[in-house]
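Read the structure below first, then the notes.
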């Protein structure tokens with residue numbers, strides 16, 4: 001009698017022997033001297049609300065650098081390195097005065113451009129005080145935000161103006177917000193900035209995450225699987241999608257990711273037609289933390305913050321851990337990818353074309369900067385308008 005040999009079925013595809021997963025440092029790491037850090041330093045970034053620059057020194061973290069924001073007695077905003085140029089005491093403990101910020105240790109006074117104005121322990125206030133300069137960065141204020149330029153002084157561009165924030169209708173005004181609206185969680189979000197920035201052009205997470213998995217977070221129409229087209233615009237990635245509304249009319253929705261970190265996303269509640277009402281800037285604080293500053297046209301104070309999503313009727317911070325698990329949003333989906341997402345373990349598909357285009361554009365701009373050129377969107381000619389026209393908005397399809 002011949003025995004029947006039954007072949008052993010091997011369990012394949014297990015996690016045993018899984019290769020170490022890696023992120024792409026050229027796209028994610030933003031510290032001084034890194035490729036992306038140098039690209040980011042060719043642009044202006046918001047570092048606080050206008051009211052954050054005040055008579056008390058304020059710590060801010062931008063592109064991996066710890067800095068001090070203040071406003072002197074003449075109303076000028078300043079952004080300086082925290083370590084006093086004299087003996088290294090932190091200017092966070094300094095005192096803001098008419099001409100600048102004074103160190104608590106030996107009283108050296110620095111103006112908003114780092115010039116040393118007084119050395120009270122030295123004869124005649126310091127005969128050599130003009131030989132010392134506190135490291136500083138240029139700042140400008142616009143749309144209720146303080147913007148800073150952390151790049152090479154000889155490559156400093158104009159601070160852009162955006163058409164949708166330049167023209168308010170009667171009864172409208174510009175409001176700014178620093179609570180990371182659109183981030184789905186607290187003001188400071190503990191993961192890499194790119195995980196959120198790519199989310200702007202990730203059209204198909206909307207019907208899944210925001211439309212069905214965690215309930216209707218916006219409006220029922222956003223749960224539809226849309227028809228989507230992506231294209232690179234030279235300044236970023238433009239996403240055009242179409243949905244059919246309850247009245248049978250077609251909605252054409254345009255979203256943009258504009259370099260360096262602008263999220264130009266029309267209201268997902270679809271209440272109005274027309275150009276986008278607000279712009280968000282994703283600020284990389286360091287490699288594993290970011291926050292979002294928003295400026296927009298509003299009719300009532302606090303209107304921006306009321307745009308925030310709710311989950312099962314609750315705001316993010318009011319939810320229990322179990323509710324976060326049952327009703328995840330952008331915060332849970334993005335932070336759970338890890339402090340920095342492991343790109344080597346991804347499997348992109350056709351629905352990820354927007355992400356692929358955005359990464360391609362970023363890599364192209366990294367190469368431009370490495371070769372000594374200016375990345376897209378940089379305008380330095382003072383005779384140019386510097387006005388950026390945006391396409392984003394909710395529109396009735398023709």
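The values are calculated or read from the model by the stated rules, or taken from the named source; none is laboratory data. Here the structure is a predicted model, which is why all the values come from computation and not from measurement. Cβ placement follows ideal geometry from the backbone for every residue including glycine, while neighbour counts extend to all protein chains displayed.
Let's see how each residue does on (1) in contact with a helix residue (DSSP H, G or I) (Cβ under 6 Å, 6 or more places away or on another chain); (2) surrounded by fewer than 22 Cβ atoms within 10 Å (Cβ to Cβ):
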residue: 6; (1), (2): no, yes
residue: 9; (1), (2): no, yes
residue: 13; (1), (2): no, yes
residue: 17; (1), (2): no, yes
residue: 21; (1), (2): yes, yes
residue: 40; (1), (2): no, no
residue: 54; (1), (2): no, yes
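Could you go through the stretch 112-131 and let me know if any residue there is in the same structural domain as residue 299 (by TED's automatic domain parsing), without any contact (Cβ under 8 Å) to a residue 60 or more places away in the chain, part of a loop (DSSP other than H, G, I, E, B) and surrounded by fewer than 19 Cβ atoms within 10 Å (Cβ to Cβ). So that I can check it myself, show each step before the final result.
Residues of the stretch 112-131 that are in the same structural domain as residue 299 (by TED's automatic domain parsing), as a first pass: none.
No, there is no match, as no residue in the stretch 112-131 is in the same structural domain as residue 299 (by TED's automatic domain parsing), without any contact (Cβ under 8 Å) to a residue 60 or more places away in the chain, part of a loop (DSSP other than H, G, I, E, B) and surrounded by fewer than 19 Cβ atoms within 10 Å (Cβ to Cβ).
Quick check on residue 283: is it assigned by TED's automatic domain parsing to the domain that holds residue 354, free of Cβ contacts under 8 Å to residues at least 40 places away in the same chain and under 21 Å from residue 145 (Cα atoms)?
Details: assigned by TED's automatic domain parsing to the domain that holds residue 354: yes; free of Cβ contacts under 8 Å to residues at least 40 places away in the same chain: no; under 21 Å from residue 145 (Cα atoms): yes.
Here the answer is no, as residue 283 does not meet what is asked.
Given the conditions (1) modelled with pLDDT of 95 or more; (2) farther than 26 Å from residue 341 by Cα; (3) in contact with a helix residue (DSSP H, G or I) (Cβ under 7 Å, 6 or more places away or on another chain), and given that residue 199 satisfies all but one, which numbered condition is not satisfied?
(2)
Step by step: first the residues of the stretch 289-308, then only those that are in contact with a helix residue (DSSP H, G or I) (Cβ under 9 Å, 6 or more places away or on another chain) and surrounded by fewer than 19 Cβ atoms within 10 Å (Cβ to Cβ), then the one that is farthest from residue 144 (Cα to Cα). Which residue is that?
289
I'm told residue 171 meets every condition in (1) touching a helix residue (DSSP H, G or I) at 6+ places or on another chain (Cβ under 9 Å); (2) under 27 Å from residue 297 (Cα atoms); (3) touching a residue at least 40 places away in the same chain (Cβ under 8 Å); (4) surrounded by fewer than 17 Cβ atoms within 10 Å (Cβ to Cβ) except one. Can you identify the failing condition by its number?
Of (1) touching a helix residue (DSSP H, G or I) at 6+ places or on another chain (Cβ under 9 Å); (2) under 27 Å from residue 297 (Cα atoms); (3) touching a residue at least 40 places away in the same chain (Cβ under 8 Å); (4) surrounded by fewer than 17 Cβ atoms within 10 Å (Cβ to Cβ), only one is false for residue 171: (1).
Please work out if residue 231 is surrounded by fewer than 19 Cβ atoms within 10 Å (Cβ to Cβ), part of a strand (DSSP E or B) and touching a residue at least 60 places away in the same chain (Cβ under 8 Å).
yes
Given the options 243, 253, name the one that is at negative phi, in contact (Cβ under 8 Å) with a residue 24 or more places away in the chain and either over 24 Å from the mean Cα position of the chain (by Cα) or not in a loop (DSSP other than H, G, I, E, B) (or both).
Values: 243 fails: in contact (Cβ under 8 Å) with a residue 24 or more places away in the chain.
Of 243, 253, the one residue that is at negative phi, in contact (Cβ under 8 Å) with a residue 24 or more places away in the chain and either over 24 Å from the mean Cα position of the chain (by Cα) or not in a loop (DSSP other than H, G, I, E, B) (or both) is 253.
Could you list all residues from the stretch 204-219 that are in contact with a helix residue (DSSP H, G or I) (Cβ under 7 Å, 6 or more places away or on another chain), touching a residue at least 40 places away in the same chain (Cβ under 8 Å), assigned to a loop (DSSP other than H, G, I, E, B) and surrounded by fewer than 23 Cβ atoms within 10 Å (Cβ to Cβ)?
Listed by number, the residues that qualify are 204, 218.
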